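The values are calculated or read from the model by the stated rules, or taken from the named source; none is laboratory data. Because the structure is a prediction, the values reported are computed rather than measured. As a convention, Cβ positions derive from the backbone with ideal geometry for all residues, glycine included, and neighbour counts pool all protein chains shown. Quick note on the areas: whole protein, heavy atoms, side chains included, nothing else; ligands and nucleic acids left out. Shrake-Rupley method; radii C 1.70, N 1.55, O 1.52, S 1.80 Å.
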Amino acid sequence: MVFSFFTRKAIDMIEFTNVDKVYPNKVKALENINLKIEKGEFVAVIGLSGAGKSTLIRCINRMHDITSGSLVVDGTNVGKLKGKEIRNFRKKIGMIFQSFNLITRTTVIKNVLVSFVPQLSFWRKMTGIFSKEHKLQALTALDQVGILEKAYIRVDQLSGGQQQRVALARTLAQNPTILLADEPIASLDPVTSKQVMDDFKRINQEMDMTVLLNIHHVEVALEYADRIIGVREGQIVYDGSANEVTDEVLDYIYKGKIGEVKQEMYKEGAYV
Amino acid sequence: MNAIEKQLYAKPSKNSYIYVISAVLLGLMIWSLFVIDFGSMEESGWAIAKNILLGIVTPDLDFLLDFTTQGVMYLLVETIAIAFLGTILGAMLAIPFAFLSASNVVPKPVAFITRLLLIFIRTVPSLVYGLMFVRVAGQGPFTGVLTIALISIGMLAKLFVDAIEDLDTSIFESMTSIGCTTFEKIRFGIVPQLIAIFLSIGIYRFDMNLREASILGLVGAGGIGAPLIFAMNAYRWNEVGSILIGLVILILIVELWSNYMRNKLVRG
Amino acid sequence: MFDKIFPPKQVVLPNGKTVSEKRSRTPLIFVTVLIAVYLSIRFTNFEFSLLAKRGHEFFAIINEMIPPKWEYLPHLWQPLLDTIMMSILGSVLGSLVAVPIAYLAASNIVKNKVIVMVARIFLSILRTMPTLVSALIATFIFGLGTLAGTIAIFLFTLAYVGKLLYEQIENASMGAFEAMESIGITRIQAFRYAIFPQVLPNYLSTSLFCFEGNVRYAAILGYVGAGGIGLLLDEGLGWRDYASVGMILLMLAITVFLIETVSEYFRKKLI
Ligand SMILES: Nc1ncnc2c1ncn2[C@@H]1O[C@H](COP(=O)(O)OP(=O)(O)O)[C@@H](O)[C@H]1O
Ligand SMILES: [Mg+2]
């Protein structure tokens with residue numbers, strides 16, 4: 001580790017080798033995926049709806065099982081995990097969803113504290129009383145996304161962007177090594193989308209956290225990510241720097257429907 | 001003028017139904033005039049009406065503010081206690097019934113039969129249960145508690161089921177990704193959502209139960225009802241006035257409190 | 001209030017920032033409820049042992065109700081009809097009288113605050129009076145019989161429909177009403193043509209809903225001598241003739257079910 005610090009040798013965080021994923025209903029969602037993501041990268045996965053983006057991301061924390069091939073995440077062979085091992089493994093990986101998945105009828109801090117639930121002692125689980133350290137960690141996470149002053153307010157009184165930040169704080173409180181996000185800005189307006197994307201960027205840079213996100217909006221992906229992965233019909237058809245993505249590349253990823261995709265986004269007003 | 005014409009000629013689309021209902025009601029009403037027995041009005045009625053009004057205007061204040069076991073205040077507290085304990089007991093009993101009548105939890109026939117049973121429980125008037133429980137537990141407030149608990153089950157179970165079916169389960173996805181077990185998901189994902197709703201349902205039912213408890217005394221099931229009947233039968237109208245004033249004020253206060261609390265619980 | 005007694009706690013983060021944490025109300029609520037339960041148990045002489053010892057009696061009574069006594073059916077028609085008719089007459093009259101009272105209680109139509117207040121307080125007090133208590137009082141004034149029951153149902157309907165109606169009137173759109181008033185049509189006329197059509201479907205639906213509930217209430221009014229099937233219920237239970245009581249309850253359940261089904265059908269069509 002010390003050695004790698006001096007030479008800045010890259011550490012592999014996620015490594016897919018010949019991964020296939022077939023759903024029980026025989027849908028082949030991923031086909032022969034080979035992919036290496038290093039620590040501290042900011043990667044965006046783009047592609048048409050149904051291309052397999054969510055499946056790709058959800059295999060990483062074993063929300064879905066892979067069918068064949070091997071997937072190593074932070075030194076763990078994900079496919080071999082069982083029962084309790086899966087839950088322990090997931091604690092290291094943060095995940096953000098399109099629908100913020102918060103308990104809206106309770107306070108912000110209680111939502112963030114949920115990330116400590118798996119490590120509570122039995123009586124704390126029964127009573128639901130959290131320790132002072134946990135509370136401080138939760139508040140610190142809220143401070144990192146800039147909504148500390150909302151800590152004791154009920155979630156249903158926050159805007160969509162603020163709610164996504166609560167979800168982000170909940171994930172940060174987990175102190176993960178990898179941050180996964182499945183369409184994090186799909187239900188936000190342009191202005192709040194930008195704020196949330198800025199948060200992701202800052203977390204990536206300040207905490208050197210690996211960020212992998214699915215995104216519907218090409219411009220946003222190109223603006224924020226260092227690296228773009230294009231998925232088409234379950235296969236990776238582009239993998240490279242964001243600067244090198246040309247219109248031809250996009251055209252291929254989106255099967256020539258890039259005009260429609262942009263048009264649709266223009267109508268939604270969903271650009272940053 | 002335009003707005004007026006529009007209103008004048010505006011034909012509500014539901015017109016035909018309104019006419020049908022009105023005609024049916026009118027017919028039934030005329031029929032009912034023959035069934036209702038109007039001959040029973042007695043001469044002394046007006047005198048009594050006057051006395052009741054006088055009694056309400058000049059209540060027996062000592063009796064109203066009396067905290068001993070014979071006074072209005074004590075009886076009102078007893079009524080509250082009956083309604084409160086009955087609601088809590090009813091809520092606890094309603095939870096298993098709620099699960100037994102949720103068709104996504106138990107087999108369809110079981111759910112159907114449970115629902116039918118709950119509807120039947122609800123149809124029977126509370127006084128009937130009161131009279132039945134008097135045979136079981138004798139006269140007194142304990143009987144009132146049992147009655148209130150039983151009549152609350154049906155409505156509480158139904159509202160609980162609705163709340164459970166309305167649950168937002170998207171939090172499960174996140175909790176899975178955090179590494180939570182099923183128990184943890186229920187404890188920290190579902191219970192916090194349900195507590196607020198169940199509390200507000202309970203408060204709503206408590207408000208209704210207070211009204212029920214105030215009449216259960218008529219069958220000897222404790223609370224303010226029995227002294228009301230005694231006072232009336234003995235023509236002690238000032239006492240009747242005290243009881244009615246106490247009862248109305250109590251019910252109004254509880255109604256205001258219940259509306260306030262439920263608003264707070266639901267809207268935060 | 002709560003925040004004054006238990007002032008918010010200042011939490012200091014490792015980076016020096018502070019947030020004020022409102023004290024949780026859960027412990028206070030929890031303790032209050034526990035105390036209330038304890039006191040209620042004391043007040044009501046709650047005894048589990050008694051329930052455990054004699055609880056089966058309750059089921060014994062139910063057991064005697066089944067099967068119900070079918071021969072009793074012919075005696076039931078008249079009281080059942082009385083009950084339904086009491087409900088209908090009381091509900092219709094109550095709903096009709098509710099209109100002028102709701103008019104007086106609607107602050108967007110009547111500008112005199114005193115009248116509005118008086119009308120509202122009148123409705124509130126009337127609504128808190130349990131139907132059985134009004135029926136009891138009515139039997140003293142109007143004598144025993146169906147008239148007393150009708151009056152009690154009338155009063156409750158008046159209060160219930162009146163409250164909901166004035167709220168609907170206050171939510172109605174005022175454009176046409178103001179236009180009519182400005183050209184000199186009387187307030188009542190303007191109300192009749194501009195506001196009433198807007199609230200009519202809701203008003204009818206509320207009245208029907210109230211009527212459904214009234215059938216249940218009417219069934220017990222006989223207990224205080226206010227007519228209907230309640231008298232037979234009281235007699236049956238008094239003589240421990242539980243099979244007859246079972247028959248009454250069965251008929252009552254069927255009647256209530258039929259009335260609710262029909263009324264619900266019309267309510268759905270109205271809104
Ligand atoms: N749970 C599932 N069961 C069966 N098929 C699925 C499931 N989830 C996704 N799919 C299918 O897998 C394919 C890829 O889906 P997904 O990864 O959700 O795409 P994206 O996120 O890019 O829109 C689609 O054809 C979809 O219908
Ligand atoms: Mg997707």
Stretch gain in nm, segment residue B:70-residue B:233, where the contour uses 0.36 nm per residue and the Cα spacing is subtracted: 57.0 nm
Chains C and B, summed buried accessible surface - 1.4 Å probe, Å², nearest 100: 6800 Å²
Per-residue mean of C-beta atoms belonging to partner chains within 10 Å, peptide B:18-29: 4
Residues of the protein assembly as shown: accessible area per residue with a 1.4 Å probe, Å²: 47 Å²
Spin-label pair residue A:201/residue B:257, simplified geometry with 7 Å Cα→Cβ offset, distance in nm: 5.6 nm
Neighbouring partner chain Cβ atoms per residue of A:99-107, average, 10 Å criterion: 6
Computed E for residue C:29/residue C:111 - FRET, C-beta separation, R0 25 angstrom, nearest 0.05: 0.05
Value of Rg to Rh for chain A (Rh from inverse mean 1/r over Cα pairs, i.e. Kirkwood): 0.97
With every protein chain in place, the protein assembly as shown: carbon and sulfur % of accessible area (1.4 Å): 63 percent
Estimated FRET transfer efficiency when R0 is 35 angstrom, pair residue A:92-residue C:10 (beta carbons, to 0.05): 0.60
Sorted peptide list for B:144-152, B:243-251, criterion being average Cβ within 10 angstrom, highest first: B:144-152, B:243-251
Förster radius 45 Å - calculated FRET efficiency between residue C:42 and residue C:261 (Cβ-Cβ, nearest 0.05): 0.50
Inter-chain shielding of A:127-135 (mean C-beta neighbours from other protein chains, 10 Å cut-off): 1
Semi-axes of the equivalent ellipsoid for segment C:70-270, Cα gyration tensor, largest first, Å: 39, 18, 11
Neighbourhood net charge (13 Å Cβ-Cβ; Lys/Arg +1, Asp/Glu -1) for residue A:211: -4
Loop sites in segment A:138-188: trypsin sites (Lys or Arg not before Pro), DSSP, at most 14 other Cβ within 10 Å: none
Convex hull projection area averaged over all views, segment B:47-267, Cα basis, nm²: 15.1 nm²
Protein-protein interface of segment C:169-184, residues with accessible area decrease of at least 20 Å², isolated chain reference, 1.4 Å probe: C:176, C:179, C:180, C:183
For residue C:106, net neighbour charge (Lys/Arg +1, Asp/Glu -1) across residues whose Cβ lies under 14 Å away: +4
Residue-wise HN-Hα coupling along segment B:230-241, computed from phi with Karplus coefficients 6.51, -1.76, 1.60 (Hz; x: Gly, Pro): 4, 4, 5, 4, 8, 6, 8, 5, 5, 5, 4, x
The protein assembly as shown, helix-only ellipticity at 222 nm - DSSP H runs n ≥ 4, -39,500 (n - 2.57), divided by all residues, nearest 500: -20500 deg cm²/dmol
Radius of gyration, Dmax [the protein assembly as shown; alpha carbons; angstrom]: 33.8, 110
Interface burial for B against A (accessible surface, 1.4 Å probe, total of both chains, Å², rounded to 100): 2300 Å²
Minimum 30 Å² accessible area buried by the other protein chains, segment B:198-222 residues, probe 1.4 Å, relative to alone: B:211, B:215, B:218
Rounded to 5, the percent of DSSP beta bridges in the protein assembly as shown classed as antiparallel: 60 percent
By accessible area with a 1.4 Å probe, ligands and nucleic acids excluded, highest first: order of C:265, A:254, B:204: C:265, B:204, A:254
Leading residue at positive end of dipole, the protein assembly as shown (Cβ point charges), from B:182, A:179, C:65: A:179
For segment C:7-40, residues shielded by at least 30 square angstrom of accessible area compared with the chain on its own, probe 1.4 Å: C:11, C:13, C:14, C:17, C:19, C:21, C:37, C:40
